[in-house]
Amino acid sequence: MELIDEEGAVFARAWGELALGVHATAVSKGWYENRADVPGSIALMHSELSEALEAFRHGNPPDDKIPEHSGMAAEFADVIIRIMDEAVHSGLDIPAALLAKMKYNDTRPRRHGGKTC
């Protein structure tokens with residue numbers, strides 16, 4: 001998928017605004033009073049992915065907190081929220097990295113040269 005510069009810029013602005021809001025919420029809810037270090041933050045992202053796997057294993061029912069969305073969707077949202085928060089805290093430019101990685105992946109061979117999964 002080739003993204004033109006303006007689409008990438010719109011995405012980056014939207015991501016940045018959302019990420020700042022996510023981070024502000026985390027700070028206002030006290031998550032920075034005894035904040036986990038970066039490895040701990042990454043472990044929490046991983047735990048959200050594990051919760052998405054469990055939702056899948058149980059037939060992906062509606063989430064208990066936002067029942068208009070499935071458990072997997074809610075847990076994937078939690079992963080993104082944690083990534084946005086960490087990105088703001090650590091000064092990481094995730095939108096630029098994502099767009100660069102997508103562009104790089106377009107150049108890779110089918111199944112990255114024979115990988116099976």
Quick one: count up the residues across the range 91-117 that are part of a helix (DSSP H, G or I) and β-branched (Val, Ile, Thr). 1
Breaking point among (1) surrounded by 12 or more Cβ atoms within 10 Å (Cβ to Cβ); (2) under 30 Å from residue 6 (Cα atoms); (3) over 18 Å from the mean Cα position of the chain (by Cα), for residue 112: (1)
Do any residues in the range 17-35 that are modelled with pLDDT of 95 or more and among the aliphatic types (A, V, I, L, M) have Cβ atoms under 8 Å from those of residues that are in a loop (DSSP other than H, G, I, E, B) and exposed (fewer than 15 other Cβ atoms within 10 Å of the Cβ), where the two are at least six apart or on different chains, and which pairs are they? 26/32
Candidate set from the range 36-74 (those that are charged (D, E, K, R) and in contact (Cβ under 8 Å) with a residue 24 or more places away in the chain); member that is nearest to residue 89 (Cα to Cα): 48
Just a yes or no: is a residue in the range 59-71 crowded, with 16+ Cβ neighbours inside 10 Å, touching a helix residue (DSSP H, G or I) at 6+ places or on another chain (Cβ under 9 Å) and under 30 Å from residue 104 (Cβ atoms)? no
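The values are calculated or read from the model by the stated rules, or taken from the named source; none is laboratory data. Here the structure is a predicted model, which is why all the values come from computation and not from measurement. Positions of Cβ are generated from backbone atoms using ideal geometry, with glycine treated the same way; all protein chains shown enter the neighbour counts.
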